[in-house]
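In what follows, a single structure is set out as structure tokens and then discussed.
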Amino acid sequence: MAEQRLASSYCLQIAISYITLSTEQRDGCRSRISLGGRLHRTDMPHAAQFRLIIRPVAPFRLDLTVWALRRRGRNAIDRWDGTTYRRIVVIEGRPTEIAVREAGSPAEPRLIVTTVPPHRRLSARQRVRSIVDSLLGPHIDLAEWYRLAERDPRLRTLAERFRGVKPPQFPSVFEALVNAFACQQLSLEVGLELLNRLAAACNVRRGPATDAQYAFPSPRDVALGRAAKYQAIGFSRQKVRALLTLARAIERRDVNIEALSRKDDATVCEQLLALRGVGRWSAEYVMLRGLGRLHVFPGDDVGAQKRLARWLGRSAPLDYAGVRKVVAPWRPYAGLVYFHLLLDGLSNAGVLDSVA
């Protein structure tokens with residue numbers, strides 16, 4: 001019942017609106033049509049763009065959520081200029097820039113979402129909303145998390161410092177897996193640079209080649225490339241095999257990894273581990289960042305092990321068993337601790353724009 005009330009409340013909080021054209025603008029458009037002219041997109045006033053208003057479940061902070069998604073400033077897929085989050089996605093066959101900015105306050109947040117080009121079909125608008133929901137989690141109610149944190153002095157300090165962050169999730173399990181492949185056994189900076197190069201190599205872009213922004217490639221985009229193409233941009237032979245094997249299996253419909261969202265943890269782990277190039281770290285990474293399973297803390301994540309140990313005041317990083325033992329009391333929000341510790345590391349490094 002609580003989930004139904006949340007869903008109903010969230011639906012009521014969403015409005016889709018177009019900025020109304022002035023009488024003169026409407027008359028000008030009609031005049032060109034009545035004279036036998038063709039009304040081009042450029043004839044339409046700039047104000048006639050698609051706009052989506054979302055009222056997130058409070059508290060919410062766009063800046064913290066975007067940084068939890070981006071991980072590092074090198075990320076060229078998920079762009080942030082300090083006020084607006086941008087990403088190129090393909091909607092109904094068209095590369096589209098989604099832009100999200102925040103209005104209001106963390107206690108009474110409001111997200112203003114625009115797209116270029118504007119999309120007028122209901123299915124396209126629903127797709128935009130679905131992508132924003134996945135990436136930024138505005139609909140997620142973390143009241144229980146804050147109650148859990150309130151009972152733990154150390155956790156309370158961490159939760160209050162980054163109050164308003166929502167757990168980000170990649171729009172597809174495929175994107176989560178490709179992120180895992182790129183970052184395996186490499187620094188996060190190097191992994192993100194590989195992903196930037198992969199997006200450019202697959203060339204699903206918006207804008208001229210000299211100033212293009214790229215969408216994250218689909219399985220089809222990746223499957224069409226040759227192994228040598230991906231090795232040339234820095235992927236190892238093993239990573240290329242894993243990447244192409246997955247993309248081509250999806251294209252042949254031999255596997256349906258997006259259906260994992262409907263399966264239990266044990267089945268998800270089993271099916272992920274059966275894929276080429278997927279080990280325990282990759283499987284848990286995908287469960288958290290690709291499937292939104294907030295009880296999962298990727299225990300083999302070396303960076304997370306170090307951050308967790310440092311936060312706990314330990315001189316040495318924890319191993320996998322040690323991580324599982326430490327985070328056990330925080331279920332079902334161990335993965336949320338993972339995101340908070342990521343932000344803690346970014347803040348200590350001076351990367352975050354601001355932390356209240």
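Would you mind finding the one in GLU258, GLU284, GLU270 that is crowded, with 19+ Cβ neighbours inside 10 Å and modelled with pLDDT of 95 or more?
Matching residue, one of GLU258, GLU284, GLU270: GLU284.
Quick one: GLU175 ticks every box in (1) outside the structural domain of GLN271 (by TED's automatic domain parsing); (2) among the charged types (D, E, K, R); (3) in contact (Cβ under 8 Å) with a residue 40 or more places away in the chain except a single one, so which number is it?
Exception for GLU175: condition (1).
Got at least one residue in the range 202-212 being over 17 Å from ILE91 (Cβ atoms), in contact (Cβ under 8 Å) with a residue 24 or more places away in the chain and out of contact with any Pro (no Cβ under 7 Å at 6 or more places or on another chain)?
The answer is no; no qualifying residue exists.
Residues that are within 18 Å of the chain's Cα centre (by Cα): which helices (runs of 4 or more DSSP H) entirely in the range 100-191 hold 1 or more of them?
Ranges flagged: 122-136, 173-183.
Can you pull out the residues in the range 313-352 that are within 23 Å of ARG151 (Cα to Cα) and of a type in the set (D, E, K, R)?
ARG314, ARG324, LYS325, ARG331, ASP344
For the range 142-171, enumerate the residues that are surrounded by fewer than 18 Cβ atoms within 10 Å (Cβ to Cβ) and either closer than 15 Å to VAL57 by Cα or among the hydroxyl-bearing types (Ser, Thr, Tyr) (or both).
Once the filter is applied, which keeps residues that are surrounded by fewer than 18 Cβ atoms within 10 Å (Cβ to Cβ) and either closer than 15 Å to VAL57 by Cα or among the hydroxyl-bearing types (Ser, Thr, Tyr) (or both), the range 142-171 yields ALA143, GLU144, TYR146, THR157.
So which residues in the range 217-242 are within 28 Å of GLU92 (Cα to Cα) and out of contact with any Leu (no Cβ under 8 Å at 6 or more places or on another chain)?
SER218, ARG220, ASP221, LEU224, ARG226, LYS229
Are any of the residues in the range 262-269 farther than 25 Å from LEU148 by Cβ, touching a Gly at 6+ places or on another chain (Cβ under 8 Å) and without any contact (Cβ under 8 Å) to a residue 12 or more places away in the chain?
No, that holds for no residue.
Which of the residues belonging to the range 128-181 are among the aromatic types (Phe, Trp, Tyr) and in contact with a His (Cβ under 9 Å, 6 or more places away or on another chain)?
Listed by number, the list holds a single entry, PHE162.
Take the conditions at pLDDT 95 or above, outside any helix (DSSP H, G or I), crowded, with 19+ Cβ neighbours inside 10 Å and in contact with a Lys or Arg (Cβ under 8 Å, 6 or more places away or on another chain) and apply them to GLY335. Does it pass?
no
Of everything in the range 53-77, what is under 18 Å from the mean Cα position of the chain (by Cα) and not in a loop (DSSP other than H, G, I, E, B)? Give them in sequence order.
ILE54, LEU62, ASP63, LEU64, THR65, VAL66, TRP67, ALA68, LEU69, ARG70
The values are calculated or read from the model by the stated rules, or taken from the named source; none is laboratory data. These figures come from a predicted structure and were not determined experimentally. Note that we place each Cβ from the backbone using ideal geometry, even for glycine, and neighbour counts take in every protein chain shown.
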